[in-house]
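Participant: Let me give you the structure first, and then I'll get to my questions.
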Amino acid sequence: MAATYTGSCKCSAIKIEMQGEPDIIGLCHCNNCRKSTGSAYSTNAIFQKSAFTIVSGEAKVFEAKGGSGNPAYVNFCSNCGSTMWTLTPMRTEIVVVKMGVLDGDAFEKLTPKVESFTSRRPSWVNCVDGATQFENGFPKPPPQ
Ligand SMILES: [Zn+2]
Ligand SMILES: [Zn+2]
């Protein structure tokens, strides 16, 4: 079956595939995401781990504290530095894919539905129209 979404790091050493649609598409404004993306916020597509495949390459893992204070395992390319996905021991069934690594027109198809840690959003960034706003962490369980 053809993958619904594919992703790769900047140097293409690591390639990933996802089947089906993500459970949640969301922006995160936490400090951890800011540091790991080098940007104002992270753009995330949360998939079931069963829908996620590493096609090639091996990510390096950095254990960070997520915005909620829980550990987050940040998987990145040790060659080019792209942050690709995050795993959490709190919810082992999901994988948080950094949408910037997705190929093709994924960014057009995947509109953010939630924003988390909006208390940290800078005043010059507007909220996404229609996205549910959470002052702190992502909602649990995921909204349908
Ligand atoms: Zn790379
Ligand atoms: Zn975050």
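Participant: So is Ile94 closer than 21 Å to Gly130 by Cα and within 16 Å of ligand 2 (Cβ to nearest atom) or not?
Facilitator: no
Participant: From (1) more than 16 Å from ligand 1 (Cβ to nearest atom); (2) surrounded by 13 or more Cβ atoms within 10 Å (Cβ to Cβ); (3) closer than 28 Å to Pro122 by Cα, pick out the condition that doesn't hold for Thr83.
Facilitator: Single failed check for Thr83: (1).
Participant: With respect to Arg120, is the statement that it is over 12 Å from the mean Cα position of the chain (by Cα), basic (Lys, Arg) and either within 16 Å of ligand 1 (Cβ to nearest atom) or closer than 30 Å to Ala13 by Cα (or both) true?
Facilitator: It is false that Arg120 is over 12 Å from the mean Cα position of the chain (by Cα), basic (Lys, Arg) and either within 16 Å of ligand 1 (Cβ to nearest atom) or closer than 30 Å to Ala13 by Cα (or both).
Participant: Looking at Ile25, Ile14, Ile54, which one is over 12 Å from the mean Cα position of the chain (by Cα), buried (at least 18 other Cβ atoms within 10 Å of the Cβ) and not charged (D, E, K, R)?
Facilitator: Numbers: Ile25 fails: over 12 Å from the mean Cα position of the chain (by Cα); Ile54 fails: buried (at least 18 other Cβ atoms within 10 Å of the Cβ).
Of Ile25, Ile14, Ile54, the one residue that is over 12 Å from the mean Cα position of the chain (by Cα), buried (at least 18 other Cβ atoms within 10 Å of the Cβ) and not charged (D, E, K, R) is Ile14.
Residue-wise test of (1) touching a Pro at 6+ places or on another chain (Cβ under 9 Å); (2) more than 30 Å from Lys15 (Cβ to Cβ); (3) loosely packed, with under 14 Cβ neighbours inside 10 Å.
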position	(1), (2), (3)
Val96	no, no, no
Gly104	no, no, yes
Pro112	no, no, no
Asp129	no, yes, yes
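Participant: What number of residues in the stretch 1-56 are hydroxyl-bearing (Ser, Thr, Tyr), within 16 Å of ligand 2 (Cβ to nearest atom), touching a residue at least 24 places away in the same chain (Cβ under 8 Å) and not in a helix (DSSP H, G or I)?
Facilitator: 3
Participant: Quick check on Pro112: is it closer than 15 Å to Asp23 by Cβ, modelled with pLDDT of 95 or more and out of contact with any helix residue (DSSP H, G or I) (no Cβ under 7 Å at 6 or more places or on another chain)?
Facilitator: Working: closer than 15 Å to Asp23 by Cβ: yes; modelled with pLDDT of 95 or more: yes; out of contact with any helix residue (DSSP H, G or I) (no Cβ under 7 Å at 6 or more places or on another chain): yes.
It is true that Pro112 is closer than 15 Å to Asp23 by Cβ, modelled with pLDDT of 95 or more and out of contact with any helix residue (DSSP H, G or I) (no Cβ under 7 Å at 6 or more places or on another chain).
Participant: Just to be sure I understand, how many residues within the stretch 62-75 are away from ligand 2 (no atom under 14 Å from the Cβ) and exposed (fewer than 13 other Cβ atoms within 10 Å of the Cβ)?
Facilitator: Count: 1.
Participant: Is it the case that some residue within the stretch 126-139 is at pLDDT below 95, within 22 Å of Tyr5 (Cβ to Cβ), within 11 Å of ligand 2 (Cβ to nearest atom) and polar (S, T, N, Q)?
Facilitator: For the stretch 126-139, residues at pLDDT below 95, within 22 Å of Tyr5 (Cβ to Cβ), within 11 Å of ligand 2 (Cβ to nearest atom) and polar (S, T, N, Q): absent.
Participant: Looking at the stretch 28-51, which of its residues are out of contact with any helix residue (DSSP H, G or I) (no Cβ under 7 Å at 6 or more places or on another chain), open to solvent by less than 30 Å² (accessible area, probe 1.4 Å) and within 21 Å of Lys109 (Cβ to Cβ)?
Facilitator: Result: Cys28, Ile46, Phe47, Ala51.
The values are calculated or read from the model by the stated rules, or taken from the named source; none is laboratory data. Quantities reported herein were computed from a predicted structural model and do not represent experimental measurements. Reconstructed Cβ throughout: ideal geometry from the backbone, glycine too, with neighbour counts over all protein chains shown. In case anyone asks, the SASA skips ligands and DNA or RNA and just uses the protein heavy atoms, side chains included. Shrake-Rupley method; radii C 1.70, N 1.55, O 1.52, S 1.80 Å.
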